[in-house]
Amino acid sequence: MGRILAIDYGRKRCGVAVTDILKISANSLPTVATCELPDFLKRYCAEEEVDEIVVGEPRDLAGNPSESMRYIRPFLGRLKREMPDMKVTMVDERFTSTIAHREMIAGGFRKKQRQEKGRADAMAAVIILTSYLESRASGLGSLL
């Protein structure tokens, strides 16, 4: 039984989260530079059994794919070429960055800590993965 890995894809860096082996909870992994993400994924999947990769799908308020998809599509193509047997699922990621910042404030993070590059990206990946896990458990689509 493998894990589920989630990615909050960004132009400079990507937040990454992964489930426990029972696929119950989501935990963040270190933020990865976008240019290093394919190699990171191959290494991680060689070391840990991963059943599925969930990628945040940026959408506008009307639910249409946002402009950011033009950066994600090439990554998705490369991922399918380099890991053809891996199940890849897109999940609506609207508001994950806003939720991540609010969670950091609620968690008592100081302003300087909230401004650290990558911290919000990692938390957004956890939110994407948690939303996906909850939607699977309830039989609904993505909650975000």
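None of the figures in this text is laboratory data; all of them are computed from the coordinates on show. Since we're looking at a predicted model, the values are computed, not measured. Virtual Cβ from ideal backbone geometry, glycine too; neighbours counted across all protein chains shown.
Using a cut-off of 11 Å between beta-carbons, work out the net charge of the residues near A26 (Lys and Arg +1, Asp and Glu -1, A26 not included).
Details: positive: R3, K23; negative: D20, E134.
Result for the neighbourhood of A26: 0.
May I ask for the percentage of alpha-carbon pairs in the stretch 46-89 that lie more than 13 Å from each other? Provide the component values of the computation, followed by the final result.
Working: 583 of 946 pairs.
Percent of Cα pairs beyond 13 Å in the stretch 46-89: 62.
Distances between placed amide hydrogens fall under 5 Å for G2 paired with D51, all partners being 5 or more residues away or on another chain.
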